[in-house]
Structure formats: C-alpha cells, structure tokens
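Values in this text are rule-based calculations from the coordinates and carry no lab data. Worth saying up front: this structure is predicted, and the values here are computed from it rather than measured. With ideal geometry, Cβ positions are generated from the backbone for all residues, glycine too; neighbour counts draw on all protein chains shown.
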There are 4 protein chains.
Amino acid sequence: MSRIPVAILGATGTVGQKFIRLLADHPWFEIAQVAASADRIGKRYGDEVRWRETTPLPAAVANLTLTAAEPMGGVPIAFSALDAGIAREIEPAFARAGTLVVSNASAFRMEPDVPLLIPEVNGAHLGLLAPQRVARGWSGGIIANPNCSTAALVVALAPLHQAFGLRRVVVATLQAASGAGYPGVPSLDLLGNVIPFIGGEEEKIERETRKLLGTFVDTTVRDAAVTVSAMVHRVPVVDGHMVSVSLAFDRAPTPEEAMAVLEQFHGDAAVTALPSSPTPVIEVDRRPDRPQSRLDLDRGGGMAVTVGRVRACPLHHLRLVALSHNLVRGAAGAAVQNAEWAVASGVVPR
Amino acid sequence: MSRIPVAILGATGTVGQKFIRLLADHPWFEIAQVAASADRIGKRYGDEVRWRETTPLPAAVANLTLTAAEPMGGVPIAFSALDAGIAREIEPAFARAGTLVVSNASAFRMEPDVPLLIPEVNGAHLGLLAPQRVARGWSGGIIANPNCSTAALVVALAPLHQAFGLRRVVVATLQAASGAGYPGVPSLDLLGNVIPFIGGEEEKIERETRKLLGTFVDTTVRDAAVTVSAMVHRVPVVDGHMVSVSLAFDRAPTPEEAMAVLEQFHGDAAVTALPSSPTPVIEVDRRPDRPQSRLDLDRGGGMAVTVGRVRACPLHHLRLVALSHNLVRGAAGAAVQNAEWAVASGVVPR
Amino acid sequence: MSRIPVAILGATGTVGQKFIRLLADHPWFEIAQVAASADRIGKRYGDEVRWRETTPLPAAVANLTLTAAEPMGGVPIAFSALDAGIAREIEPAFARAGTLVVSNASAFRMEPDVPLLIPEVNGAHLGLLAPQRVARGWSGGIIANPNCSTAALVVALAPLHQAFGLRRVVVATLQAASGAGYPGVPSLDLLGNVIPFIGGEEEKIERETRKLLGTFVDTTVRDAAVTVSAMVHRVPVVDGHMVSVSLAFDRAPTPEEAMAVLEQFHGDAAVTALPSSPTPVIEVDRRPDRPQSRLDLDRGGGMAVTVGRVRACPLHHLRLVALSHNLVRGAAGAAVQNAEWAVASGVVPR
Amino acid sequence: MSRIPVAILGATGTVGQKFIRLLADHPWFEIAQVAASADRIGKRYGDEVRWRETTPLPAAVANLTLTAAEPMGGVPIAFSALDAGIAREIEPAFARAGTLVVSNASAFRMEPDVPLLIPEVNGAHLGLLAPQRVARGWSGGIIANPNCSTAALVVALAPLHQAFGLRRVVVATLQAASGAGYPGVPSLDLLGNVIPFIGGEEEKIERETRKLLGTFVDTTVRDAAVTVSAMVHRVPVVDGHMVSVSLAFDRAPTPEEAMAVLEQFHGDAAVTALPSSPTPVIEVDRRPDRPQSRLDLDRGGGMAVTVGRVRACPLHHLRLVALSHNLVRGAAGAAVQNAEWAVASGVVPR
C-alpha cells in the first residue's frame, strides 16, 4: 500500500525529533508535514532543529519546510509533541478538521471520552473514539498515550492486575533528563544530584494508572479500583525511566508466578502484529542487578519493558523494578504504536 | 582535659579517611593509632593512603606509622571502619583487651547485646553495654552505628514514631557512590546509570530500623512493631543518600503536624551537648524541590538530616524525602558521635 | 574600622551568589545593596534567589530588598556579575557617579585604560585607574578580573614568564558547567558528554593573557609578546576549570626549576596581606594524577591554583596542568581580591 | 564462501565483548573459540561474562565453552583483547602455531617488523608481515591496531599529512571511561571529575603516530618526521575519545582546504570495499559545537571519525577537533577491519 501522510506538531523538540527518527523508515506512515512555533514557519526543518539524536537527520525530513500548526489537506494523522497548554488549543482544531490527533501531550488524557491507550494493555479503550466524535461533532478525534513514567509502570502492572487483582501500589521513579525536554533541566541542577520533584508528575501517575487499567464498558471507561502512591525523582541519566514498586493484590502471587505471567504477557494478536509492538512486550531479567537505566533501555527497539528483581515484599506482596525508554515506550514510540492501532482498527481511512 | 587517644581501624579506606578528617580537630579525641592491612604495617600513613578528601591530609596524621589491627596500650577507644568479615574477628579482640570498639561495620549490629545507636534517637540503648561486658567477659565492648541509608531514614522517622506511632514504611533509597567504598562501583557501571541493587542493603534497612526504634527494657532492646519494605538504588552521585518514604501511623498526622514534630526534634540535653550533635537535628526544607543530594548533604556539618516534600499519601498517611551525608551521619560522623556519647555517659574512663 | 558598604550587581545569578557567600563574613566589606533585573526590584532577595550554594544563605542578605542597578549614595564599591551586554551600559553609570566598579564582566576588560587585574601577577596595572578617571571624567572607575579559564592559566604562567620569558602557549581547557551560569548548559547537552566549544572563550583567553602578562609603563599597559592558542572544552563537572598547557620559553627550564619557581611565587607583600590572597598562591602537587577538578578546586579557599604534571614537552619546553575554582579565583573571589587591592592601594576612600 | 573461524582472546572484557558484538553477524568471520583466564576454562561464556553491551548477547556465543588461550586447530585468525603483559607471552605462541594474531594489545605495536595498521591510512604496512614471518620463523604472525586515542588522531591527521606535510602536533585528549576497561576507573574517581593522567598513554600517542604516518620502503617502515606532544585527560564520558589538536605543516592550508581534503579522504579501493570500512571515513561537521562525545561516536557504525571546528591557529596553522568510538575505531572495530584487510590481501588462507 502507499504510506499514509502524517504531520508532526512540535517537530523540533526532544519528542518531535524522536518521532522523526521512528517514522523515518516506517512501513505505514510518511512524514508530510512538520509544524513548529510561529517564528519558524517557512524555514527549513534541517536549519531550525538542534538535532540531538545519535542517528543522522534523514535528508528528506531536513528539507521539509516548517508549517504553522494548522491542518493541511490530505494528512489524516497528526502526531502531537506539543506542550499541554498549546495542545489544549491546537489539538481540537485538528480533530474538528478531520484529523486523528495522536497525542503525547497531557492536555486531554484524563477527558472521559479520550482513549488513553497502551495497545497491549487496553486496546479496547479505542472504543471511546466513536462516542467522542459524536459528542464533540468531530470527524477526526484525539487519542493519547500516557505520561512517560506511567507507561513503564502500567505495562509491568497490567498482566499482574489481570492475573491477581491489583489493589495497592507504592511506586518510586528514577527519571531521566530527557523526560523534561530541551533545554529542560539545567546541568547545574542535575550533575551529580537527585531532584525529588517533578511538577504534576505524581498526580499524573496516580490518575492515569487507574484509567489505563480500567474497563471499557458500553461507551465509557471505568477506572480500576487501584490505589497508587507515587514518589518521583529526577536522576542524572540521559534516557530511561526506572520505576520501583511495592504491590498488593487480591490473590498474592509468588515471585515465580508473577514472572511467568509477566513473560507470557502479550496484547491481542492484532496488537502483536503492529510494526511497533515488541516481542516480548516484557523482558524479565533474572540477573540480580538488572534492569539498569543505561544498559536496558533499548530492548525491543525501546518499546519493551524490562522487569527485574521480582521478590516478596515484607509489607505488601511483591516488589519489582521496571524500566523503559521514556522517549520511545514513554512518548513517541507509544504514539506511533497508537496510530498503528488506530489504522489497524479501521478508525482512520487508508 | 587532655584528649583521649583513639585508634582507627581500616584507616586508609573511604570511611577511614572521613574519620581522620572529622577527628583532625576534635576537642575530645586524638588520633594515636592508625591500623591497616598486613602489607602496609610499618609504613607511613601519608605514603600509603590515596587521600580522597577535599581538605588536606593533616600533617600529624600523615606522619603516623601504620600498625597492625591489634590493641595498643593506652588507647581506650577504637573506631572501626573494617569490612564486616574482618570486623567479626578483630573487633572482639579489641573488646576483650579493654578497648571500646565504636564500629561502623555491620558485623555485630544485630547482636542482641550490642547497642545499635543514634544518640538523638535511642541513646538509652547504650545500657546494653553493661550486660554485654558481663556476658562476654569483656572489659571493653562494642557499640555500633547503623547502615548509611538506615541512618537518614531513622533520624527522620524517630520523631514521627514517638509522636504518632509508626506502623508501616515503604522506603526507596537513592544512594551515592561513596557508600560502596573505594574502589567500589566501577565508573562504567555508574556513569549515567541507575543500579537497582546493593547486596544485603534492603535487609539491613528493614532489620536495623526495627531495632533502632525499639525500646530498652531492663537489659534488652525490644524491636519496634514497624514493618519496613526497602527498595534500594545506586545513583551517579558522589556523596549523599536520599530516602523517599510512604508512612502509615497509629494516629495520622497532617503534613503540618509532622513538620512541626520534625523541626522540634532533639535528643536529651546531654546528647545535644555532644560536639558532633547538630542543631537542629532535622532541617525541614519547605521549598518544593528539596532536599537535593548535592546541595543539602553538608548541613549541620553533615550530621543534620534534611527533610522535605512532607505531603499526604493516597495509600498510607504521609510521604516525605530525607537526605543525609552517608559518610558523616551515615558512617564516620555517627561513630564519632557514638564515642562522644559513650564518654559523656561515663562508660569509657577518661 | 567599620566595614565598607558594597553593592552586588546581578546578585541572583551564579556569580552573584558566590559574591554573597564570599562577602558574608568579609572583614572589610559589608553588603549594602543587591541589584537585579527590573522585574525583581522591590522584592526580598531571599524570595527571589534560587540559592545554589551548599552553605546557607545568610539571613541578613536574605532580608535585603532588591534594588534597580543604579548607584546608591554611600556605597563606594559595586561588584558586577552582570552579563557583558548589560554591563556595557550600567557599569559606566556607576563609575560616573563615583563608584568603583569591580567587574567580573568581559565588557571593558580589553579597554586600554581599564586595569585587568590579578593582584599577585600584575598589581601595578591598577595604575591605569588614574588616567582612566581623567580621560573619562569619572570619579569612580572600572577595574576588571579576567575570564574564568584565563585566571587559572595566567596565575600558573606568570612566575614562569618572569623567570624564563614565555613565548608560546598551547592551552586546552576542560571547563565546568558553572562557568556558563544558570540555567546555562542544559543537562541533555552535558551529561556524559564533552562540548568542544564555548562562544568567544578562545579569543578571550588569547587576548587577556597578553594583557595580564603585559607591563605597565607610564600610563599604559604593553601586551606581553606571547602567542597563545586556546582550545576550549566544556566537560560534565560542576565547578573547577582545568587547563593543560604546552609552553615555549626564551630560556628553557627543567621541570624541577619550573616547580621551584611556581612554589615560591607570591605577589608583593601588600598583596599577600589581602584577606582573599591565598598562601601559597600556587600549590604544586607532585602526585602523578593531580590536580583533579573535583578534589583540588577548594585549595586556598578556592583562590589557590594547583599545578601538577610539570614535565618536558617533545615539541616546546614544558607541559603542565593547572586548576582553579572558576567561581572563586575565576570570578567572584578574583573580584573581591581586586577590591581589596584597590582599598589597600588607597584608590577607594575608606 | 563459508565463514572463516576466528578466536577471541580475552573474550570476557570490555574489548572482548565489543569483538563479539561486531562479529555476531560478520559476513566473513565466525566466532569459533572464546578464550579466557585459567579459572574460567571449561565454563559457558554466557555464564561467565558480565555482558555490558546494550544489544543482547548472541545465543550462539553465550553457549560457547571458554577455552585456554592456546591455539586450536582450524582457526586461522585470533583477535587479541589481552592485556599487554599477557599478550607478550600468548600472541607469539599463536603466531608460531600458524595463527594470524590481530591484536589490540600494545605489546608488539612498536616492534619494527609488526605492522601497526589503519587500512585507510597505511594499508601498505601490511607488507611487514612477510619479513616478520621469515625473521621469526612464524607461519602465522602478528598485526596490530593503534591505541584508542591514537586511532582518532591519526585518521584525522593522515589526509592532512599527505596533502600538506605535517610537522608538529600538540594534541589534548578527552578520553572516555571505557578506554580503561572493566572494572577500570572507580566511579568515585570519575563522577564529576577530570583526571589529567593515563599511564603510558602520552608516550603511546607520540610514538605510534610517527609509525602510522610512516612510509613502507622495501621491508621496513620509516617513521614520519612529525613531532607530537600529547596531553591526556580522562573525563566522565562512557564511550568516545575526543582529540583537540594544533597543527603545523610544510604548506599551510586554509581551513576550507583542510576540510575539503578531510572529506575526500578514503583508502585504496580494496580498503573501501572491506565490510568494516566506513563511507565516508571522515565526516566533517560544520556546526560550531560538534563533534560531541555522546552524540557523534556512532557515525559510520563507530568506524567513522568526525572532525569539527577546523580553524586557523594563532601559533601553528590549524586547529581542529576529532572524535571516534574508542571501542570500535579505537579497538575491536579496528582489529576486525585489520583482519579483513589481511584476508583481502591474501595473507590468510581462506
């Protein structure tokens, strides 16, 4: 088939660059539009971007002209790497004009009619899109992926929730610099230091987890009855978010039972077949000191979640550590997979 | 008064060097003996040590000759920075010979008759020393300070336990490289990385906390009925251990009540008067992003614990972050304060 | 004597904070004015500053009200931590109003009538101030300290130049993050990375070195006939600028001769007596792997320069490594010492 | 053709692991033997290695049994990642037994009859192998690649030397942690620090450069008449060695002329055709702040050298910065390319 033209909103930022890297050779999508802030419109992408990826900027993208963040005819999908405040204005304009906005922004994640998606975990939540279109009078729509640290957490929790009934979570995060974008955190703040605060992050993790693990019934998603307490930390790591969790369940698994469930986890066959879906979804590493942020972040092309140190907990039932690439599974890769899922599900015309 | 001669066992290591820095101008103690492993005996300390402190090695210490780790007449106190395995052999020999061993090693911390001390928290546990001497036939004895991450944790928890009855703790640690000694963690393992494992550390935190918060009754210490679940992480920070905790109590405090209790915390007047005791013991920092490992570790000369982000917990009652200098409050400084406490309590002849 | 009231221009930045730390207990100076950008005027310093020093912000300074960057009566000295562009406008206004501006900014360093001073090296250059006042009709004036990496370089070169006649210098710098101020370099740019570029820095090093090593004759400074080639690098270090140099002289010294000259180096007796002057000025460290940025930056209170690895050069005559604290000897400490020198020289009324 | 069986000596170390990664899918070579120190013989590679690469350990290699470092029949090529001391004994034994030892060790690099090779630069030096075999009575032989920092340097210098006649080089290096192997540099030494010393490194750079740029005449290599002065530094970077140089030539090029020569540089057609040869060999990056260690090390699969900041020098003629991956172009990749060159040149039977 010919590839589907897509737009990237916020194309010059950290997540925008990751979109470009991931979409460079994508079998289904082709970058047709790169949009940036007003002062850059009309300029060449390659001249404006401060390219930070370690692979070269593809020449075809470098030569694209930056456009305004406005819908362009013949581009049915727009990936949004916009800041939340701007996203709140721009994403609905695209949705109204018939574009499916596949958003990494937090602006609409918690709207009841917006699917907050991890295809392996809750692909059925895409069912929110039809009522969203009706209620809002949109021919396009908005679908979202979770916050970067929530992504690693929920992929690891979902199979355990399905098997054992998750009830309580205490999660401590150790998050990389790139999660704050560019310029983001000053080096004077992060070199040899830990910052135990990221604005709004704990609330996002607590809320989004309940929605992601929730159940799609009729036309709504009912939150899962899971209590989450998050404690977040920024650490001097470039990429890769680690989460350390203590978990209580309805039915307490042994560590071996939990690892078996984690290793066997996969989404529906249609999800597994998506170009961006990793196999396996979760890699359980039995070495005592893994996963490690710098060594394990690229597994499954950055889309796999590595779980280690699955062990009993003196207070709850289980403890474990999970890691994923915050810009891939936690941002651009998640959005690309969501767009693939939308296409595979037939909600975007090909 | 004239100063009390003291020995340092394991004098060339990371903790040994910190002992030397802290004792260089100590009003009560004077370094009389520096002991090291067999191959260094008879050599000049200044020639053998790979000095890593940022202040100069005091000339008087540099000129001392390294001795075997054997008791020397007229030295009533020995600070032990030995590894646990070696400590298990050497510390009793000193105790038998009449020396009070003030140990940073883990070897005897959990022995029922060995005081595990943080003077502000449980100074009365020093009462274990008398029965220890009787039972073991020692004229000296062994007293210990806790593990480096436990120290920060328990100083922050103790006032809350006293006021509100602590029941459950989930603690995630973010620990500095210097906690592993020298050479310790290879740079290839720690640059831009997180290692979610430190051998034996989680068990130490869980056990030691219960003993430290326990009650001295008659001749024994009864563990506190607190359940602790620890998740440890090594981060690329030079010095400074951070702990992030979620806490459940018998009587739930508000964050303001908790902060008031933390700020007012102090040990007995006799403890407050010790040369190494910081005032205040706990500094509550109300800025939203503090404490930070690199910026706040030296408060109170490295003996204060900085607490921040005191906030409600969706699952338990409170969350907070605590930080202290792992080589001062968490190791050498703790031992020096313990020795001061022993002297002030009259269990060492002056 | 009563202390001299001083102003700090650019008081909230990285260098401004270092001024406050260094002046907190200064025997001669007292902070009377803290000036900041327009949006902060009238606010409390303690509320506006994002304090990054590891010692506490002095309460007396915290309670000062931020003023505009305008001369205030009765404040004869103003320390400038302004950016060059702003300094170019504001510093002359102070000088005209009778204030001696002791500037860390690069704006006027290379003006022929502005003393560019390192008191131990070229204290006599202060003689430029009198003709400056006449020519410009100023009752105050401007004196400057060099660029942060130039400072370490020139302190190490000056005694060798005096003794052996310096002719050619190739210098490679390894500069810390704090040299770029705050927020300065993004952590994504500096974590685990080297950036071989700092705008304008190489030119500053090359020019300023010639002026600093120059000779004050009559009413002018004649540049030294030294050719300097600089290659600069930003490295992931918090504080501490290292310079590695290859040197050619008129008369080739042996490494031992060079080290002897370096160790004996001192300024005039009047300079040595200044409160901020370190003794010795240069510490020669003979250990094979020193100086090191993190371990040696605080020698002499941050004002000493540590020199190591003095060795022959296959191409020129000597190679060596020098290190100093870029915010102390390279910025705020240098300015404070310059102000002391001005006071001791009688060019500021006490 | 069927692939040539090869051995890896020192297979568990940092460079050994890089060999395994690079040879995993090599079109010409197949790993047949992995050798390690005596205490590991007979054990499974996958159980003994502390795998540090970010790609998975290939299962076929994981299942190999570690052998002694002794020649095995039917394995014509052995890659040596041995330490120099051990290499001095083991490599000749292999050479005597008919194996071509392709060595990353420094043990024999400077032997007059051992080719020190960078195929693009001095492929003809392979001609030393025939007289080596005769003189030593070996049916195999030893060929070597240069030191890791020399590799980046000489690739960048070679085309300039060919075009303009290089005479003098001052080089400052900024070298990554992985250059010291594992465990290598302790994290306490390298976190937030610079160490201006690496034992023997400056001498290696100075000597090897002259040999590499030398001329093969009859049966010997005549060193180039280039004077090199090296100043080395270890910086807190994981991988990637940067060199900053000041250069003097017989005929002074402009920066533009130099960049043109660098961009057009390539080896003989036969070298360009080798599987490991990058195209282009040198990437000239005109952005003002490149190359950077973390961002540019993987170009050309780690075999390209990135050159930037080509500019005039106030003292010599040119300054520039070059970067390459110290474990690929500077170690394992260099050796693999050398083996390919040996095979392509017919000195190893296929």
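Determine the shape class of the stretch A:148-324: with a ≥ b ≥ c the square roots of the Cα gyration tensor eigenvalues, call it rounded for a/c under 1.5, and otherwise prolate if a/b is greater than b/c, oblate otherwise. Mind showing how you got there, number by number?
On the way: a/c = 1.40, a/b = 1.37, b/c = 1.02.
Taking the square roots of the gyration eigenvalues as a ≥ b ≥ c, the stretch A:148-324 is rounded.
Please compute the average number of Cβ atoms from other chains found within 10 Å of each residue's Cβ in peptide C:312-318. Present the calculation step by step, with values, prior to reporting the outcome.
On the way: counts 1, 5, 10, 12, 5, 0, 0.
Mean inter-chain Cβ contacts per residue within 10 Å come to 5.
Can you compute the FRET efficiency between A:R311 and B:H266 using 1/(1 + (r/R0)^6), with r the Cβ-Cβ distance and R0 = 45 Å? Round to the nearest 0.05.
Values: r = 38 Å, r/R0 = 0.84.
Calculated transfer efficiency: 0.75.
In deg cm²/dmol, rounded to 500, what helix-only [θ] at 222 nm does chain B give when every DSSP H run of at least 4 residues adds -39500 (n - 2.57) and the total is split over its residues? Provide the component values of the computation, followed by the final result.
Values: 13 runs with 107 residues, N = 350.
Result for chain B: -8500 deg cm²/dmol, rounded to the nearest 500.
Add +1 for every Lys or Arg and -1 for every Asp or Glu among the other residues with Cβ under 13 Å from the Cβ of B:T209, and state the total. Could the numbers behind the result be given before it?
On the way: positive: B:R109, B:R167, B:R168, B:K204, B:R207, B:R210, B:K211; negative: B:E201, B:E202, B:E203, B:E206, B:E208, B:D223.
With Lys, Arg at +1 and Asp, Glu at -1, the net is +1.
Can you compute 3J(HN,Hα) from phi for each residue in the stretch D:101-116, using the Karplus curve 6.51 cos²θ - 1.76 cosθ + 1.60 with θ = phi - 60°, rounded to whole Hz and x for Gly and Pro?
8, 9, 10, 9, 6, 8, 4, 10, 4, 9, 5, x, 9, 9, x, 9
Which chain B residue comes nearest the axis with its C-beta when you rotate B onto A, and by how many angstrom?
B:A172, 2
Taking amide H positions as placed 1.01 Å from N in the peptide plane, with prolines and chain starts having none, which residues 5 or more places from C:E283, or on another chain, fall under 5 Å of its amide H?
Amide H neighbours of C:E283, under 5 Å, 5+ apart: C:V305, C:T306, C:V307.
Taking θ = phi - 60°, what integer Hz values does the Karplus form 6.51 cos²θ - 1.76 cosθ + 1.60 yield along the stretch C:171-178, in sequence order, with x for Gly and Pro?
Coupling constants for the stretch C:171-178: 10, 10, 9, 10, 9, 7, 4, 5 Hz.
Rounded to the nearest 0.05, what FRET efficiency do A:E256 and A:T220 give with R0 = 51 Å and r taken as the Cβ-Cβ distance? Could you check?
Details: r = 37 Å, r/R0 = 0.72.
The computed FRET efficiency comes out at 0.85.
Based on the alpha-carbon gyration tensor of the stretch A:1-153 and its eigenvalue square roots a ≥ b ≥ c, which shape applies: rounded if a/c is under 1.5, prolate if not and a/b is larger than b/c, or oblate?
Values: a/c = 1.68, a/b = 1.46, b/c = 1.15.
Prolate, since a/c reaches 1.5 and a/b exceeds b/c.
In nm to one decimal, list the spacings between the D:A59 label point and its equivalents in the other copies, with label points set 7 Å along Cα to Cβ, shortest first.
Label point to label point, same position, other copies: 3.9, 6.9, 7.0 nm.
Placing +1 on the Cβ of each Lys and Arg and -1 on the Cβ of each Asp and Glu in the stretch D:148-324, which of D:A151, D:I205, D:A260 has its Cα farthest towards the positive end of the resulting dipole?
D:A260
Quick one: go through the stretch A:196-212 and flag any residue whose amide nitrogen is under 17 Å from the point 7 Å out along the Cα-to-Cβ line of A:M110.
A:198-212
For a quick check: with amide H placed at 1.01 Å from N, whose amide H comes under 5 Å from A:S103's, ignoring anything fewer than 5 positions away on the same chain?
For A:S103, the qualifying residues are A:S80, A:I143, A:A144, A:N145.
Averaged over A:289-301, how many beta carbons belonging to a partner chain fall within 10 Å of each residue's beta carbon?
On the way: counts 8, 3, 3, 10, 8, 13, 7, 2, 1, 2, 3, 0, 0.
So the per-residue partner count for this stretch is 5.
Could you list which residues have their amide H under 5 Å from that of B:L318, counting only those 5 or more apart in sequence or on another chain, with H placed in the peptide plane?
B:L247, B:C313
What dipole magnitude, in Debye to the nearest 20, does the stretch C:148-324 give about its Cα centre under +1 on Lys/Arg Cβ and -1 on Asp/Glu Cβ? Please list the in-between numbers first.
Working: 17 positive and 19 negative charges, 68 e Å.
Magnitude of the dipole: close to 320 debye.
Defining the label point at 7 Å along Cα→Cβ, can you sort the distances from D:G165 to the same site in each other copy, shortest first, in nm?
Between copies, matching label points for D:G165 lie 2.9, 8.8, 9.3 nm apart.
Just the number, please: percent antiparallel of the DSSP beta bridges in the stretch C:148-324, rounded to the nearest 5.
Numbers: 24 of 34 bridges.
Percentage antiparallel, nearest 5: 70.
How well do other chains shield peptide A:199-209, expressed as the mean number of their Cβ atoms within 10 Å of each residue Cβ? If you can, show how the numbers build up before the last one.
On the way: counts 2, 0, 0, 4, 1, 0, 0, 2, 0, 0, 0.
Whole-number average of other-chain Cβ neighbours for A:199-209 is 1.
Could you give the size of the charge dipole of chain A about its Cα centre, using +1 on the Cβ of each K and R and -1 on the Cβ of each D and E, expressed in debye and rounded to the nearest 20?
Numbers: 32 positive and 33 negative charges, 28 e Å.
Dipole of chain A, to the nearest 20 debye: 140 debye.
Find every distance from the label point of D:R3 to the corresponding label point in the other copies (7 Å from Cα along Cα→Cβ) and write them in nm, one decimal, shortest first.
Distances to the matching label points in the other copies: 3.1, 6.6, 7.3 nm.
Tell me, Kirkwood radius of chain B from alpha-carbon pair distances, in Å? Could you put the intermediate results ahead of the total?
On the way: mean 1/r = 0.0495 Å⁻¹.
The Cα-based Kirkwood calculation yields 20.2 Å.
Could you tell me which of B:V238, B:G141, B:A84 has its Cα farthest along the dipole of chain B towards the positive end, charges placed at Cβ (Lys, Arg +1; Asp, Glu -1), taken about the Cα centre?
Farthest along the dipole direction, towards plus: B:V238.
How big is the charge dipole of the protein assembly as shown about its Cα centre, in debye rounded to the nearest 20, if each Lys and Arg gets +1 on its Cβ and each Asp and Glu gets -1 on its Cβ? Intermediate values should be presented prior to the final figure.
Working: 128 positive and 132 negative charges, 0 e Å.
With Lys and Arg at +1 and Asp and Glu at -1, about 0 debye.
Give the separation of the Cα centroids, the stretch D:172-244 to the stretch D:1-47, in Å.
Between the Cα centres of the stretch D:172-244 and the stretch D:1-47 lies a distance of 26 Å.
Classify the protein assembly as shown as rounded, prolate or oblate, taking a ≥ b ≥ c as the square roots of the eigenvalues of its Cα gyration tensor: rounded when a/c is under 1.5, otherwise prolate if a/b is larger than b/c and oblate if not. Could the numbers behind the result be given before it?
Details: a/c = 1.19, a/b = 1.00, b/c = 1.18.
In terms of gyration-tensor shape, rounded.
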